[in-house]
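The values are calculated or read from the model by the stated rules, or taken from the named source; none is laboratory data. What you see is a predicted model, and the numbers here were worked out from it, not measured in a lab. FYI the Cβ positions are ideal-geometry reconstructions off the backbone, even for glycines, and counts take in every protein chain you see. We work out accessible area using only protein heavy atoms, side chains counted, and drop any ligands, DNA or RNA first. Shrake-Rupley method; radii C 1.70, N 1.55, O 1.52, S 1.80 Å.
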Amino acid sequence: MQTRLDIERKSLPSVEDNDRALASFPSNLTYSEPLVVEDDWHLKDYWRAICKRFWLVAGIVVLVTMSVALYMALKPDVYEAQAQVQVDLENTNTTLGSAKNTSIIVSNPLNDPAYFGTQLQILSGPRLLQRVIKRLDLERNPTFSTNSKKPWEQLKRLLGMGSRAGDDASTPNELPFSSDIPATTSREEIAEAARLAPLVLALQENLTIEPVKESRLPNKTTRLINVSFENTSPLVAAKVVNTLADSYVGYNLEVISSANETTSGFLQKQIAELQGKIRDGEERLINYSKSNQILSLDASQNTTVERLIGLNQQLLQAENERKIAESVYQASLAPGASESLAESNYSQLPGAETTAAAQIGRAESQLAELRQKRAELLVENTEEWPEVKEIEQQILVLQEQVKDSRDRATSIVKSNLATRYHQAVSHERALRTAFNQQKGETLTQNQAAINYRIIQQEIETNKSLLDSLLQRSKQNDISAAGMQNNIHVIDYAVTPTKALGPRRLLNTTLALVLSLAFATGLALLLEYLDDTIRTPDEVQKRLGLPTLSLIPSVRGRLRSNLRKTSIEKFGSAQHPELLIHTGNQSSLAEAYRHLRTTMLLSSTGPMPKTLLITSSQADEGKTTTTANMAVSLTQMGANVLLIDADMHRPCLHKMFDVENVQGLSTILAGEVGEFDTNDLIKRDQKSGISLLTAGPIPTNPTELLCKEQMTHLLDALRPRFNYILIDSPPITTFTDSVIISSMVDGVLLVVHGSKVSRDLVRCSKEILGRVGAKIFGVVLNDVNPSPTDYFYFRRYKGAA
């Protein structure tokens, strides 16, 4: 049975056959252009992304789920006890607002919508909780111990963000009040409140106060309140709830009694003050009447006041007359008011002036007749007609007479109006003087009477207030005797027998689901942000090139096995990734044999005789791939020449442990002849490879490659070897690879899996495409094989 190596050796062409095949090979051969691929993800892509980061997803899920499960397992059972309290409408003491004829208005809590909400706040307030703590002696109860702090509080203290006890500037026994303000709370109460504050907070965290809603009307609440408390001890939970309910009822009764006592004290104090004011006012009234000789305060007997009233009326009338005269006089002085003023006041002129007004009227009539006669003459004659001119002269004379008469009449009217205005002003001034004089006399005479009435009115007001307060005091005594508590306990709490929580299974399941969702999302996010090429499918989609081989990653266990094999067989541990230092049964050797077979048996044509192997950037494994490709071809009997064209950072001479005194740079610089080239080609005895090293690193390697010596060198070496493999610098860093790609038969692009950006690889392919390079395919290097591939290889190897 023939092995694959035999088939490959039979398919190995001779030098002449290879030259003929390459001559017939199409010179314009190019591979398909990069496919325009949409970044649409399918369900299979999501599954691959999750499987790729399986250990990340599994680690997060297991860690979070186990942490939550452990925390829930260590958390003790919690019991809830519940009592129900009824809060009726408050029987408010209406003493301060029930009297008649009072000016005091007090809001009635019966109609206050905030009363029920206030009671809810009182139930959970520190005052009642302090009573519960003292009655149940919770300070000595281990359930409410404040010595042990919560984990996050301890962490905050370690980070310096938490507060320590005693950090406050004031001591617990020091009152936060100034010395001149009387404190309503004693120092002992302040110290006790500070001591019980942690216990109050512990009670408030586990206490629930909720109003009961109607079953048929969920949006409407009743006057019932559910009081619930959670604790790890069912007995303590029931005791706290019942004690709180009883303390609430007692506290409300104390508030009602205190309110009645406060009202009664306030009323008694006000009554005593009013009685004293009334006595003082009566004594002051008697003394004032004696000192001012006040006999009668009857208004009918006071003539001074009547005279003052009469003068006030006359003064008002005089002011109105003066205003009317002033307005008429000011109107006559306005521009354009002469004619209308004269016409409207002809009737007010004396006899002679009245005759003049009649003359003005006759003159205006004659003027109208002459104008009419002139208009009739102008119908048949012109303005130059003698009769027309005579009539115009008569019209001018009459107009002058009318104007003079009107001016004289207007002057007379203005004089009369001014005289009337001045008379009104003088009359008003005289009345005002008399009024002011009489007013002074009235004030002097009645000042004593006015003060007397003020004192008398003050006494009457105080008496009215005293009667009102006496009536309210009696009502307060009656209401205090009949006042009842409006808060009652409907149901007391019983000791619970069933734990309320924690819900261990639910919380653990929820943690599992949430952690799985988070881990999956994180894996998909990392996959989305990963812009590298990892699989042959991505090579085909992004670049439009075939993947010729997948080179496994030489790390971890595989590298240890290769080093071990290299030491056992060859006594050297350097470069274990080279095939000359490893066994033929390793997965690395199998990958390069697969690359060799793919190149030899390619359906697109024979394997190129001169092949350039390059990459987009440094450290992608192009030099190792070149060396192992040469070793693989040599193992099947081919005569292979390996040229190190990386004159920037040569490495092949180190791999094969040969000298690099002279090499490619020496030939291209013209320092040796054509026949001396054979002396520079060294042959490795272990692998059988012919090697042309890079030589001394020149200052201008790119310019050396641009010369014709490189083309002549390749033409001279082609007939002597089956294959010539050339290692070159990275494409995106130097232009050496681009120059050499136009001189060789084909290019092999090495891509480091999960490291190089897709855009960088695509850019490298475009650069090679612009110079007409023939890219045969991609070698995906440093790839982690899937578990199924590795298992199959190991099982197949074991079976063999």
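Peptides 394-401, 741-748, ordered by how many other C-beta atoms sit within 10 Å of their residues on average, highest first, read 741-748, 394-401.
Residue 706 sits with roughly 90 Å² accessible to a 1.4 Å probe, with DNA, RNA and ligands left out of the calculation. Give, as a single signed number, the net charge of other residues whose beta carbon lies under 15 Å from the beta carbon of residue 81, with Lys and Arg counted +1 and Asp and Glu -1. Net charge around residue 81: -4.
Past the 18 Å Cα-Cα mark, which pairs from 541/765; 323/439; 622/654; 277/463; 654/774? The answer is 323/439; 654/774.
Starting from the Cα gyration tensor of the range 40-87, take the square roots of the eigenvalues, sort them a ≥ b ≥ c, and report rounded, prolate or oblate (rounded when a/c is under 1.5, otherwise prolate if a/b is larger than b/c, else oblate). Note, shape of the range 40-87 comes out oblate. The order of 518, 734, 776 by accessible area, most exposed first and with a 1.4 Å probe, is 518, 734, 776. Would you please classify the overall shape of the range 480-531 from the alpha carbon gyration tensor, given that a ≥ b ≥ c denote the square roots of the eigenvalues, rounded means a/c under 1.5, and beyond that prolate means a/b larger than b/c while oblate covers the rest? It is oblate, given that a/c is not under 1.5 and a/b is not larger than b/c. Of the GluC sites (Glu not before Pro) found in the range 654-716, the ones in coil according to DSSP and having at most 11 other Cβ atoms within 10 Å of their Cβ are 659, 674.
P(r) tail for the range 588-690: Cα pairs beyond 23 Å make up 32% of the total.
Distance from the alpha carbon centroid of the range 605-678 to that of the range 458-533 works out to 82 angstrom. Amide H to amide H, with H built 1.01 Å from N, residue 691 comes under 5 Å of 642, 682, 683, 684, counting only residues 5 or more places away or on other chains. Here's how it looks for residue 781: its modeled amide H is under 5 Å from those of 551, 751, 752, 753, which are all 5 or more places away or on a different chain. Electrostatic tally near residue 289: other residues with Cβ closer than 12 Å to its Cβ, Lys and Arg +1, Asp and Glu -1, net +1.
Protection proxy ranking for 432-440, 384-392, using the average of other Cβ atoms within 10 Å per residue and placing the highest first: 432-440, 384-392.
Around the amide H of residue 615, modelled in the peptide plane, lie the amide H atoms of 731, 750, all under 5 Å away and 5 or more residues distant in sequence or on another chain.
Rounded to the nearest 0.05, the FRET efficiency derived from the C-beta distance between residue 770 and residue 672 at R0 = 41 Å is 0.75.
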